[in-house]
Each structure stands twice: as structure tokens, then as C-alpha cells.
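What follows is a single structure, written as C-alpha cells, with notes after it.
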């Protein structure tokens, strides 16, 4: 029987998605549904001096208006921990409607509930709010002199300063030194589904349908905020319409929906508007990175200094970890990295696809390209001279690597060999053509809690596998069906994966590209336990043809248990279960990553190549083609894996050329708050993308050796494009995004 | 969105009478501006008078070679009309480079002329905007102005006129015919699209209840040799940073006739008359194209964020004209 | 009630009949079925479908005409449900994603989207499919450049664009008898 894992199986949730029958969390029909609308603060800093709700309350259909004056205090504010930790995971350690202070523009200051969507939205516009405004700090220029080096960032998981070797020594040993500063616009996730929660109380029990990367995070966070026993909060999220980190943490709206529903005694639907998505779910922070590379004349890095400056909120010390991969991918002996943060009138920034790696590797890989040019060396050759089989921070070997193979196969598919390195060397009419490449890396993150799944075989020979995780487009439901099928020797058609509900076995939020690895570990563990139980029953059963056989000699094929080397001896699961009066048999699998790494460093690697055309007069950049080669361990489903990697690469294109938001210094508000102003790639921007999968065996990360594909596609993609723009035009544009005015 | 009532009109006269009689009634055509701005609480009519059933949808070639475009013809319908594609390619191109296929199926030509600016401060009722609330100030001048206008601005408003097709029509001396409480009228583009000056809230000379019925495009033989070039960050589904509508006729290497209008840079669809004047009779060479563009853009008053549009506009004019002369770049 | 009042009556009275702002009965033809709903005139076609008719296939992505997730067909043409008021659709035929499959058989475009993995999260997908069906009927799928341009009104944040193009090509190049969008009312 051909293993299902590794096959390009079509998505199992394809049919509901293409027919429109998939129900997202704002699409749950409940009797008596009421609609909530959020109201955001118009100022970036100050106090609410008065909030007149009279007109709103008197408006047709209005059921309640919640403000800081009448909203019950929250029970407790849980700390900010990345949702992969498996515990409560608020996006920021601030909860609104608790007092009159405004910390950032758009901060929720009221919730209006009415009997229809239109009435709620209209009434929300009828609040009369007066403020005492205070000066705000929101931009890099305003905050630069206020910055500090934090003890730790990222929920306390990463140090604010890192080093190895002796930077001074590394600089002294070098023949070439390069200093460059990169600036980055802020980015907003903008999934097409606005975050939404439908809340319903039955007695003291709360059910939430929530658009999230982790139903457990929502459950734990809302239970903590509302002071409810976790056992009384159920969170369902069968479908989530894209997230990219924006629904990785639990923001305010699920708890606000629950409070609103409790207040009006009806189920309440709360969906953010597109505009509110810019001020309600975090963002990738605006930032500046300064990098210093020092190298010998033959291209060996001797020193790397990488500093980052960025704003964080008044509540949390958050920066996306931009320095990580850039500090590890090359074997540079002397290193210093430092985060500098300043307090700003902003939400706490948050995870956004390739959080940190994309921005950090943009600086690193653009600088490497520039260094290659200075040294007169092929950019790929410079990388090859510096890559390292061990993590330079710890000296531990990578659990699996594959980077050289990614370079080789990527370069081959792209046609890198024989490239004329001279900028402006290729022209087609108005178009200047350039090519560029970059390395990619993404850490393999591990959950902190046991990951669980349940496998239940029915006597008809079909299996149901269950785990709490939602599928927000990763294809997890599809690949877990494949994993279960292989473990139980069943065709995929006889396996079903049920997910997206806290009533099912616990899984942490699927973030940081960790989902496929940890959930496959849980499903594999459960299905293997079930298989072992089945075989144990067969060999112990006097009426079974396998009676007395060594359990280790029994293998599973197509729903049958047979003796290895003697497939004629055996029986089907169904035969045995009928005989034993078993309607079903189930097993719970629990995978504990524990300390896991066993002296290994965990990272996924890849290589990116891009070709751009730049209009010589008009400065327009068009990406003509992209090639990415990635080594994500085992590939569970090449079809869905390619799709995710492709999506990541096009995100890299967007980050490099389109996506930008900025705080306005004067008002402390975002310049863009719609999809008309915040530009994401449309179909016409997206070239065909060639994704090469380099499978590497990894026996360390998790039982199936899966390292994940959600983010690495974006890492380095922007740098490859920027390097191609330089090759085309001779201009180094050290910013994201690169826009027309940079190239005129 | 505030509560609204609704009326579907079946006759033009009734529709006009209904809106004229009620200062808080608006016409509703394709809805792509009206419904959007209702939801933003920028517009606040009491009632919408739906004019989609009125017989104003024709696209006709007249015996004198002029074109009559019914105000309720949809953008997609006009772009597809063979007469438009053959005789006025710049109109078809401008239409198909605007918005998206869905929006072009909805938006009417009259509505396109009446569409409101895309300035974020105009759309945001919490921001100062002289166009929305006269006298409240202009947040854009000191704010985010990358997409804003550099020509025809005032100290009170720098919002860019967003239309593509209006730029093509401006180049062709199109006229806008209306019916209203004061009877039938006809406006040149110059008359129809008002500069903001110190009354940016007044965008058109129309009276309340006055309805666009027809857009007339005179027979412009050189329009057969025309193009609309649009420059933007995204390859599609975005308003112009700069656009150029151009038609050109040469004789012996000299410019015999030229039509030039700019989008993305003006507070109204910007007929580049100075550039046209410079070019008439001049040798059709890139240096002259560039000089003509400079002459036109000399009046530009950019902000620090949109200063690049001045140079970009010059280059886009050159490119558009080069495309029409087939000059090598 | 009928939405149409004869021009004569209106002219005689001098005042057009006015409906709303309170909820009024609006009769829609959706996927070949006549459906009456009590809604305020300000209710969009998108909200009427999703909140009043239980047809949640058309998605709300931006409610501003900037994403295309709400694409449906009205009288056979693709339009945005978010910028269309439901009451203006009386007397017109509305086709949503739910009306595309017939008797449980998927439309070829739906099949092709699955086969070519032309979506990930699935949220923009109904709009993409409705747009793709219209695209083929409009004759705007000649080559990839044309498909790119004419599908750019549907944002896919998962960026499945190359696969969306592959799905459209596949349907375009398949048996013409299997033309897409032959579902009810389309």
C-alpha cells in the first residue's frame, strides 16, 4: 500500500469551501442573534472626559451600550505569552473599557449591541465622546531618543541583547566592512476574513465561535479575563478565513462578545470592520535595522552587528525577533545583536507571517549581496563560503540542514549559473532586467504543553481522528487524515479528521510553522496507540488467525492486520471488532515535546531567487518569476505544502514592493486603514512561482520529522527581489517596501 | 449607515422632480460611490431615488461622428462598445484600467463623473476636511499626501480627482448634458469639474436634482490614434499615481494635432493645455515631449510626500507620446 | 409588494412611492428561487444574503468594494454584493455560489479549484469562483495576462493566484460542453 503521507491529496475541506457551505465564525445561525459594533478612540493619547450614550441608546433596535462607565471589571489580565505555549495568550496585557485612559488611536472605548447589523453600526456612530488629548509618540523619529534595551522581548522568550565572540576582534580581522541601515513600514495582516466571534450563553456556560489559529488560546484567555472556569468555556472554530499571525493571539473581541452576550441575554455576533482590523489585532511594527558586516577578502564573515529599533506599546515589551535567523545562518564567529524599544501610543505589535525572520533576513541578505558586489564574488558563492552545519550561537549541529541542496536545486531551476553580475547589464525595451537571490531560514518552534489527539476506529472500518486545532488554510485537516491513514493502514477515504473545537483533545495554537509538526505528532501517537491496541487484541484472541503471533510481526494493510511476510494470515479490523462486540475502539495520543532538541539546533532552510523588470523611466517594478527551494523536513502533502510556500513567497513580494503602513506623527493614527490604501498583491502582481521541495530526514524535531512550511516561503523572498532590483538598476534601496519614488 | 428610504424611479422627469423636491434625496445609480460613502457616514441622504431603470443606457455613434454615452451606461458596457474601441481607444483603455471588473459592471458613466475623492481624510468623519465639512480644515496638507494632487490644489484641499475615464474624456473635449429643475444644460469639462479653491465642497456646478443624462464626445479623428497610460504601485485595482490620456497626429515629423490630459495629479481631470500648446507644430521628438510636460507641470505645488509625482508625470507624458509615435526609448 | 409602479401613476401623483426607512418586504430571486425578506432599504445585498437568507457563501471581506469576496452575479454579471442595496435587486436574478452546483454536482470551476489547490483558507474562494465563472463567459480568459488583469478584483490573501489561474485555464481548455456557470439562474 502506498503511504498516504507524501501524496498530493486534494484538500478534504475543498468541497465545503468551493460550495460556500463552510461556515465561518460570523456565519453561525442562532435564534435571537444580536449584533455588536465596536467604537474606537479618535485620539492616540489622553482621557475620555465624557461619553454620551443617550442618542445611541435611544436609537431603533439598540439593546445595550457598553463603555468604561458600565462594563464590569475583568477578573484578571493574563500575561502575554505566545499562543504556542498553549496557555492564555492575550495579544496585549491591556483590556479596554476598564477606565477612561486612551493609550492608542482606535482603542476600543465602547460596544454597541442592537438587533440588526445595520442598527448596531449606525448606533455606534451616535456616541458623543469628548477627550482631553495629550501628545502622542508613535513614530521612529519621535521615539528614537526614548529607546531602551529590554531585558527580554517576545513574551519574555528572547533576550534583548545577544553576542558571541569578540566583535572588535572580528572587525580587526576583516578586509572589508559594510554598514547599512534598513527601514521598514509597518504591516497589517489583512486576512480576507475579518476577525469575528459569535458568543452564546446557556446558563453559566459560554460557547464562542471564533476565527482563530488556536481555539485553546481563545478558551484560556476568555476564561481568565471573565473569571470563568475553563470547563465552562467552549470555543469552536471550524474554519478561519486566513490569519497570518493576526488571529494567533487572542485580542479583545472574543471577550467583548461574551460580555455583550451576557449583558443582553442573547447570542451576539461581533465582527471587526476592515478599518478596525488596523487597530484591533496587532501588526508588524515599523522598524529600523542597522547592520555591520565585516569579512576577509575571500569572503569569510568575521563580524556581524545587527541592531533594531522599534516601537512597542505601553503595556508590553514586544519586538518581532528580527535578529534570530540572521545571527545563525552563517558561521560568523563574532556577533552582537541588540533590540531597542521605545514606548509608543500603539497596540502591542504581534506575530505576522515570518515574524522577524522576514525583516531581519531582508537586512542580512541585502547586506550580503552588497558585500558580494564589493568582493567581486558571486552572491551564491559568498553564501556557500559562510554557511554552517552548526548553530553558531550554541555550537549544536542542526537536526537537519539541506541548505546547500536548496541553493543547488534553486539555482538550477532558476538558471542562476552564468549570470552577468554587472548591474544594468540586461535590458528589454523600457525594462531593465535583474536577478537576485537570498538565503532563507526559519526556526522550528516547539510547543510547551503536551499535544493530544484521539483516534477512534469504528467496526465498519472507518476512523475518526480528533484534535482541537482549527484549519485556517494550512491544510491541516487534509494532512492529518493522511497521517492517520498511514498509521492505521487505511486508505484516506476511510479516515476523517474532526477539528476546531475545544471539546476535542487539546492542541496549542498552530503558530510559528509548528502546526504540522506538533499536530502530526499527536495524531501519529494516537493512531499508533490505537493500532497497538488493535493488534494486542488480535494476538490475544483465540479466534483470531493472528492468535499467539508476535505483535511486532503484525503489519497493517488496507484495513487488515496481517503477518509480515505472510499476508494471507490475518483479518480485518472489522472482523475482529464484530467478533469482540466492539462498536468502536479508541486511543488518546499525547505527544510531549519535552526538552526535545537533544543537543541539536532546530531550523528550516531554503533559498530564494527572483527576476524583476524595472521600468527605466517610470520606476515600476514587476516581479517576473520567483523560484524557492526549501528543506522543510518531511513533506506530508506536496500539494498543500507548495501552496503555503508559494503564498509565503508572494507575501515576500508584497512586503518588498507594496505593503506599507505608517503612523502619522501629528495624529498618532495609521495612514492606511482600508484595502484601498494598504496595498496587498492582487492576481496581476503575482508571477508564476516555482517551489522546489528538498526533503531532508529529521529524527529530532518530532516523530514524523516535519519542520513546517507556513513562513519560510516569505523569508528571503523580499531580499531576493531587492537584490534583483539592484542588479537591474544599480540602486540599493534599503527599505521595505521599495516603491516607485525610490527608483525614479 | 443612517436609516434611508428608497424609491425606484421609472421616468427621468419623475426622478428629477422627486430629488428636486427633497433636499435630502440623492440619486442612486451604480452605488459604488454612494453606498460606500453612506456606510462611511460621509453622505447622509434621507432617501435614495434609484434611477437604474431610466432609459439612459445607450452608447450611440451620431451621424456627425460624435459619441453619445448614456449616463446609465455601465463602464464595462462602454469599454466593450465597438465604436469606442475603434474610434476612441483611450476611452476603452481608461475604463478597463479603472477599478475592477465587478465595479465596472456596476458603476455608471454619470456616476463616474460624480464620484467623490478617495482622500482618506474625506472618508474619515473624525478628520478635518473642508470638502466634507466646510471650514473644518484640510488634514491632508500636513498629513499623508503621497496620493494627493499637485495641480489645481488650494490651501483648502489637495484631493486628487480619482477618475480614469474622465481624464480620457477631458482630452477629447467631451461635454456633460444634464436635466434638472432648470431644464436641460450642457457643460464643458472645464465648467463641470470645479477647482477646489476656497469652496472644495463644491465639486460641480449642478443644482440639487440636476441629473446627468448624456456624455457627449465630439468626433475627434485623431482619437483613433490614442492611448491611456496608468502608473500605479500595484499592477491592477488601484487608483493612478499618474495617468496620461493622449492622442496624437503627426505630419512630416511635426505634431499636427495633440490631445493630452493627466490623471492622478490634479484636483480635477487635468487637461494639459499648456503642453498641447507647446507641442503643436513642434518636432515629435522625446526632448519636446519632455519639455512640454515640464511646461505643464511648472504649475505643480507638491507636498514633500508627493513631490515625486511631478517628475513621474513628466516621464509618463513622454512615455505616452513615445508610444504613439513609436519612438524607440 | 411589487417594486414597479407604472410611470403614469407616479407622474399623476407627482410623487414616487417611497419605501422605508423601516423594514419593508423585499422580494428577491436568488438561485432560481423567489425569496421574500423584511429588511430596511439600507441593507446591502450581501447582508440580505448572509443575515436574512442564510446564504453565507458570499463573504464580507471589506464592505467597501476593495476585496471582491462578496462577488455574486446579478442578471448574469459579476458585481459586488457589499455595494449593492438588496432592494435595488428586485426584479433581477441573483446567483450566488450556492446556486452554482446543481443537484450536488459541482460546477467545473468548483472542481478545478479543488484539483488545482486554488485556495487555502477558503474565505475569498466563493467570490473568486463567481468571478472566474463570469470571466470565462465574458471571454476574458484568453491568456494568463488577461486572466491576471480580469481576476484582480478578487484579493486572495493566501496568495493562491498562480493556482487560481491554473484552475481557470483548466476549465477554459476543457470540453466546451462543460462550460461553467450553467447553474440555476446564471
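Take each residue in A:270-280, count the other chain C-beta atoms within 10 Å of its C-beta, and the mean is 2. Both the radius of gyration and Dmax for chain B are 19.5, 63 Å, in that order, over alpha-carbon atoms. Rounded to the nearest 0.05, what FRET efficiency do residue A:688 and residue C:33 give with R0 = 51 Å and r taken as the Cβ-Cβ distance? Could you check? My answer for the efficiency is 0.80.
Computed from the C-alpha gyration tensor, the three semi-axes of the ellipsoid equivalent to chain C are 33, 16, 15 Å, from longest to shortest. Which residues does a label at residue A:744 reach in the range B:242-264, if reach means a backbone N under 16 Å from a point 7 Å past the Cα toward the Cβ? Of the residues in the range B:242-264, B:242-244, B:262-264 have backbone N under 16 Å from the label point off residue A:744. Both the radius of gyration and Dmax for the range C:7-99 are 14.0, 44 Å, in that order, over alpha-carbon atoms. What does a probe at residue A:290 reach in the range A:327-356, counting residues whose amide N is under 16 Å from the point 7 Å along Cα→Cβ? From the range A:327-356, the list is A:336-342. Springs between Cα atoms under 10 Å define the GNM used for chain B, and in it the highest mean-square fluctuation of B:40, B:115, B:287 occurs at B:287.
Judged by the gyration tensor of its Cα atoms, with axes a ≥ b ≥ c, the range A:15-104 is oblate; a/c meets the 1.5 cut and b/c is at least as large as a/b. The mean number of Cβ atoms from other chains found within 10 Å of a Cβ in peptide B:220-232 is 1, as a whole number. The stretch between residue A:540 and residue A:93 holds 155.4 nm of extra length on full extension. This uses 0.36 nm per residue minus the Cα-Cα distance.
The mean count of C-beta atoms from other chains within 10 Å of the C-beta of residues in C:30-43, rounded to a whole number, is 3.
Note down the relative contact order for the range C:108-178 as a percent, whole number, built from C-alpha pairs under 8 angstrom at least six residues apart. Relative contact order comes out at 48 percent. For the range B:225-325, the Kirkwood hydrodynamic radius from C-alpha pairs, put into Stokes-Einstein at 4 °C and a viscosity of 1.567 mPa s, yields a diffusion coefficient of 96 µm² per second. Straightening the chain between residue A:75 and residue A:101 buys 7.5 nm, computed as 0.36 nm per residue apart minus the Cα-Cα spacing. Put the Cα centre of the range A:69-85 next to the Cα centre of the range A:341-385 and the gap is 34 Å. Assuming a ≥ b ≥ c are the square roots of the Cα gyration tensor eigenvalues, decide whether the range B:1-128 counts as rounded (a/c under 1.5), prolate (otherwise, with a/b larger than b/c) or oblate. Oblate, because a/c is 1.5 or more while a/b does not exceed b/c. If you take all C-alpha pairs in the range C:108-178, what percent of them are over 19 Å apart? Of all Cα-Cα distances in the range C:108-178, 20 percent exceed 19 Å. Applying 1/(1 + (r/R0)^6) with R0 = 30 Å to the Cβ-Cβ distance of residue B:285 and residue A:374, what FRET efficiency is obtained, to the nearest 0.05? After rounding, the FRET efficiency stands at 0.15. Across the range A:338-416, the volume of the C-alpha convex hull divided among the residues equals 167 Å³ per residue. Working from label points 7 Å from Cα in the Cα-to-Cβ sense, the residue B:186 to residue B:304 distance is 4.9 nm. So, in Å, what gap is there between the alpha-carbon centers of the range A:589-654 and the range B:73-104? First find each Cα centre; the distance between them is then 39 Å.
Using C-alpha pairs below 8 Å separated by at least 6 residues, the relative contact order for chain B is 17 percent. Placing dummy labels 7 Å off each Cα toward the beta-carbon, the span from residue A:52 to residue B:68 is 5.3 nm.
By definition, a body whose alpha carbon gyration tensor gives a ≥ b ≥ c is prolate when a/c is 1.5 or more and a/b is larger than b/c, and the range A:96-141 fits this prolate description.
Packing here is the average count of other Cβ atoms within 10 Å per residue, and on that basis the peptides B:231-238, A:720-727, highest first, run A:720-727, B:231-238.
Packing, as the average of other Cβ atoms within 10 Å across residues, places the peptides A:696-706, A:469-479, A:631-641 in the order A:469-479, A:631-641, A:696-706, highest first. The coefficient of translational diffusion for chain A, derived via Stokes-Einstein from the alpha carbon Kirkwood radius under 4 °C and 1.567 mPa s, stands at 48 µm²/s.
Take the Kirkwood radius over Cα pairs of the range A:639-715, plug it into Stokes-Einstein at 10 °C and 1.306 mPa s, and you get 106 µm²/s for translational diffusion.
Restricting the calculation to alpha carbons of the protein assembly as shown gives Rg and Dmax of 31.0, 106 angstrom. Residues in the range B:175-193 near a label at residue B:60, defined as backbone nitrogen under 14 Å from the 7 Å Cα→Cβ point? Taking a point 7 Å out along Cα→Cβ of residue B:60, no residue of the range B:175-193 has its backbone N under 14 Å. Using the rule -39500 (n - 2.57) for each DSSP H run of four or more residues, divided by the residues of chain A, the 222 nm mean residue ellipticity is -7000 deg cm²/dmol.
Between helix C:161-173 and chain C there is an angle of about 90 degrees, using the helix long axis and the longest principal axis of the Cα atoms. Averaging the Cα positions of each part gives two centres, and for the range C:10-72 and the range A:173-200 these lie 39 Å apart. Taking every alpha-carbon pair under 8 Å whose residues sit at least 6 apart, the range B:5-53 reaches a relative contact order of 56 percent. Model label points for residue B:251 and residue C:115, set 7 angstrom from Cα along the Cα-to-Cβ axis, are 6.0 nm apart. Between residue A:393 and residue A:558, what's the calculated FRET efficiency when r is the beta-carbon distance and R0 is 60 Å? Round to 0.05. With a Förster radius of 60 Å, E is 0.80. Beyond 27 Å, what share of the Cα-Cα pairs of the range A:447-591 is found? Please give it as a whole percent. Summing the P(r) tail past 27 Å for the range A:447-591 gives 23 percent. Tell me the Kirkwood hydrodynamic radius of the range A:386-493 in angstroms, computed as one over the mean inverse distance between distinct C-alpha pairs. Mean inverse Cα-Cα distance, inverted, gives 19.5 Å. Can you give the angle from 0 to 90° between the axis of helix C:125-138 and the longest principal axis of chain C, with both taken from C-alpha atoms, to the nearest 10? For helix C:125-138, the angle is close to 90 degrees. Can you give me the angle between helix B:308-325 and the longest principal axis of chain B, using Cα atoms only, in degrees from 0 to 90, rounded to the nearest 10? That helix lies at roughly 70 degrees to the long axis.
The stretch between residue A:132 and residue A:665 holds 190.1 nm of extra length on full extension. This uses 0.36 nm per residue minus the Cα-Cα distance.
None of the figures in this text is laboratory data; all of them are computed from the coordinates on show. Please read these numbers as outputs of a predicted model, since none were measured by experiment. With ideal geometry, Cβ positions are generated from the backbone for all residues, glycine too; neighbour counts draw on all protein chains shown.
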